[in-house]
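Right, one structure below, let's go through it.
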């Protein structure tokens with residue numbers, strides 16, 4: 001796949017792994033890394049060969065948020081990039097897994113929260129540290145955080161500007177699963193390949209329906225489910241699997 005400097009992209013068994021690659025900066029964002037990440041995510045999201053996207057960081061950190069050495073001059077551009085990146089992740093038809101290998105702070109925390117699922121190392125941590133710089137959450141934090149933890153807890157996390165360790169993050173719902181640091185890559189791969197092996201149209205339809213339900217009434221969601229299911233009944237994957245299940249049950 002495409003070669004970048006600040007972002008690495010690898011493809012195997014239907015899984016595209018996108019790795020932030022500024023380990024000496026804890027994968028902090030500057031203009032170039034944001035541009036490469038956005039382009040890379042758009043590329044893999046458009047690919048029919050990609051069934052699942054994994055997002056992770058090189059070295060000992062997931063992402064430290066903005067690179068402080070460029071924040072004063074490039075802050076507005078970095079914030080704007082977060083909008084495009086968060087929307088690209090949510091609009092990607094494939095599942096997007098954040099494999100959180102270390103600290104995820106500020107915009108880096110909200111990059112993880114934008115993903116559909118977060119599996120984290122026991123050494124990982126996550127925090128809304130914006131107030132330490134006199135700033136407020138960006139990269140979708142004001143949207144994702146209260147939906148995951150509730151309004152009161154979201155405000156506490158923002159106002160305290162503290163880093164949350166992996167065990168507390170799992171209790172709060174910021175991380176969906178925590179594993180040992182040594183097995184993070186293996187467990188991420190196992191989960192990604194499991195989802196990559198499911199019928200892609202069904203997987204993509206489920207993601208669409210679940211996210212649209214948050215902005216819809218029950219009646220509208222039921223109507224969407226009917227429309228999607230009618231499409232899926234006609235798909236080759238569904239016909240084959242239903243036929244196989246019926247054949248197995250008859251024996």
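Calculated from DSSP H runs of 4 or more alone, at -39500 (n - 2.57) each and per residue, what is the 222 nm mean residue ellipticity of the chain, nearest 500?
-16500 deg cm²/dmol
In nm, to one decimal, how far is the modelled label at residue 13 from the one at residue 161, with both set 7 Å along Cα→Cβ?
If labels sit at residue 13 and residue 161, their model points lie 4.4 nm apart.
May I ask you to compute the full-extension gain from residue 87 to residue 234, defined as 0.36 nm times their residue separation minus their alpha-carbon distance, rounded to one decimal in nm?
49.9 nm
Based on the Cα atoms of segment 200-250, what semi-axes does the equivalent ellipsoid have, where each is the square root of 5 times one gyration tensor eigenvalue, given in whole Å with the largest first?
26, 11, 9
Take every Cα-Cα distance within segment 95-251, group them into 5 Å bins from 0 onward, and report for each bin the whole-number percent of pairs it holds.
P(r) for segment 95-251, in whole percents per bin: 2, 9, 14, 16, 14, 14, 11, 9, 6, 3, 2, 1, 0, 0.
Going by C-beta contacts inside 10 Å, put 213, 121 in order with the fewest on the left.
In order of increasing Cβ crowding within 10 Å: 213, 121.
At 0.36 nm per residue, and after removing the present C-alpha to C-alpha distance, how many nm does the segment from residue 222 to residue 153 gain when stretched out fully?
Between residue 222 and residue 153, full extension yields 21.7 nm more.
Would you please put 204-210, 104-110 in order of how densely packed they are, using the mean number of other Cβ atoms within 10 angstrom per residue and starting with the highest?
In descending order of packing, they fall as 104-110, 204-210.
Just to verify a number: FRET efficiency for residue 186 and residue 47, C-beta to C-beta distance, R0 = 25 Å, to 0.05?
For residue 186 and residue 47, the calculated efficiency is 0.55.
For a quick check: sort 195, 159 by the number of other beta carbons within 10 angstrom, fewest at the front.
159, 195
How big is the antiparallel share of DSSP beta bridges in the chain, given as a percent to the nearest 5?
30 percent
Hey, what did segment 7-196 get for relative contact order, percent, Cα under 8 Å, at least 6 apart?
Once normalised by length, the contact order is 21 percent.
With angles folded into 0 to 90 degrees, how steeply does helix 151-160 sit against the dominant principal axis of the chain? Use alpha carbons for both and round to 10.
Rounded to the nearest ten degrees, it is 30.
Where the convex hull is taken over the Cα atoms of segment 7-196, what is its projected area averaged over directions, in nm²?
9.4 nm²
For the peptides 40-49, 222-231, 16-25, what is the packing order when you average, over each peptide's residues, the other Cβ atoms within 10 Å and list the highest mean first?
Highest to lowest by the protection proxy: 16-25, 40-49, 222-231.
Values in this text are rule-based calculations from the coordinates and carry no lab data. None of the values given here were measured: they were computed from a predicted structure. Neighbour counts are summed over all protein chains in view; Cβ atoms, including those assigned to glycine, are modelled from backbone coordinates with ideal geometry.
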